[in-house]
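**Q** Provided herewith is a single structure, encoded as structure tokens, for subsequent inquiry.
The values are calculated or read from the model by the stated rules, or taken from the named source; none is laboratory data. Worth saying up front: this structure is predicted, and the values here are computed from it rather than measured. Every residue, glycine among them, receives a Cβ derived from its backbone with ideal geometry; neighbour counts consider all protein chains shown.
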Amino acid sequence: MQDETTLQSKVPPMQEGKSLLDYVSERFRYQTREVWEDLILNGKVTLNGKSVAANQPLKSKDIIAYTVVLNEPPVDRNIQIIHNEESFLVAVKPGNLPSHADGNFIKNTFIYILGGLLKDQGFKGSLNLVHRLDRETSGLMVVSKNKTAHQKLIQQFENGLVEKAYLAIARGVISEDHFEINGAIGRDTDSQVSVRQKVVADDAPFAKKSSTRFEVVTRLPSSTLVRCLPKTGRTNQIRIHLASIGHSLVGDKLYGRSDDEFLAFVHHVKSGGEAAWTGHIETPRQMLHASQLSFAHPETGQKITFTAELPEDFKNYLERDSKPL
């Protein structure tokens, strides 16, 4: 029999008065509202150690517990902490590791594994993500260790005050040395995949203005290593912008691929297959790496910069593509 795990969440002040069902279904979207309702009914979700009705109103600092048998896909757990001080830390997240709980991933996540590493070192506080990277994107992540630092750091990210640089391997050979894409991002209404987006007209419904500058680093026979400097921070912005010019990321399962190919990947994962599945894809994960971050120190205000080396799978792919057939 598999062991059960109990996960806990403390209700923040701004959620006081919300029902238990509303809170868990909105906060933890890896289960549908209907599934959460059934779990509450069967006593798998408790409030302050007791089974309650789904419509039970919450109070600030209430403890919600969820008991579950975890069956999570394998991930790359090789997190590297490159800077660690009292108020925050900076770590390098490997590819094939979700930033936080999502879908089938609860404990096999960057923030959960990082918490365990620091706990082993004697840290007794709480960690909070300041920003996020896609599961398949590797690179630098900033994590706060107290409320004051969290607020100051997250404000910088939200207000566009953080300088970011990514390295990406794009499909095909890009001819321009430098170029900029200024294209609003919106829903791809021609796709049957609900999460797929594309560059759309600025006045399209729900369009979000976005801009990325690109610099070619190396051209190879079938791909191009580019440095990406996003001026805005839209979800999947770099992936969408490169796909819009016919140079989607190597390893990208959504952009630059057909709906059928992406849906085949989704079916594979939901059937219990590994998330790092190649299928029709060149590499197990998309070749995108958050290589540099610059921001103001949350205590001193001094500008600080962090860099992350190119990961081994990037180096291996670039070496393979540089060799003649």
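**Q** For the range 141-153, check the following and say yes or no: at least one residue is within 24 Å of Ile240 (Cβ to Cβ) and surrounded by fewer than 18 Cβ atoms within 10 Å (Cβ to Cβ).
**A** no
**Q** Scan the range 157-194 for residues that are of a type outside the set (Gly, Ala, Ser) and over 28 Å from Leu310 (Cβ atoms) and jot them down.
**A** Of everything in the range 157-194, those that are of a type outside the set (Gly, Ala, Ser) and over 28 Å from Leu310 (Cβ atoms) turn out to be Glu158, Asn159, Arg187, Asp188, Thr189, Asp190, Gln192, Val193.
**Q** Pairs needed: first member in the range 154-165, within 17 Å of Cys228 (Cβ to Cβ); second member anywhere, among the aromatic types (Phe, Trp, Tyr); C-beta distance under 6 Å; at least 6 residues apart or different chains.
**A** Val162/Phe295
Each row is one residue, and each column tells you yes or no for (1) touching a Ser or Thr at 6+ places or on another chain (Cβ under 8 Å); (2) not assigned by TED's automatic domain parsing to the domain that holds Ser258.
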residue: Ala101; (1), (2): yes, yes
residue: Leu129; (1), (2): yes, yes
residue: Ser144; (1), (2): yes, yes
residue: Lys152; (1), (2): no, yes
residue: Ile174; (1), (2): yes, no
residue: Asn182; (1), (2): yes, no
residue: Ser191; (1), (2): no, no
residue: Ser194; (1), (2): no, no
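This table checks each residue for (1) farther than 13 Å from Asp134 by Cα; (2) of a type in the set (A, V, I, L, M); (3) at pLDDT below 85; (4) buried (at least 17 other Cβ atoms within 10 Å of the Cβ).
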site	(1), (2), (3), (4)
Lys253	no, no, no, yes
Glu261	yes, no, yes, no
Phe265	yes, no, yes, yes
Lys270	yes, no, yes, no
Glu274	yes, no, yes, no
Glu282	yes, no, yes, yes
Gln286	no, no, no, yes
Ser291	yes, no, no, yes
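**Q** Go through the range 60-165 and tell me which strands (runs of 3 or more DSSP E), entirely inside it, have 3 or more residues that are hydrophobic (A, V, I, L, M, F, W, C).
**A** Fully inside the range 60-165 and qualifying: 63-68, 88-93, 138-144.
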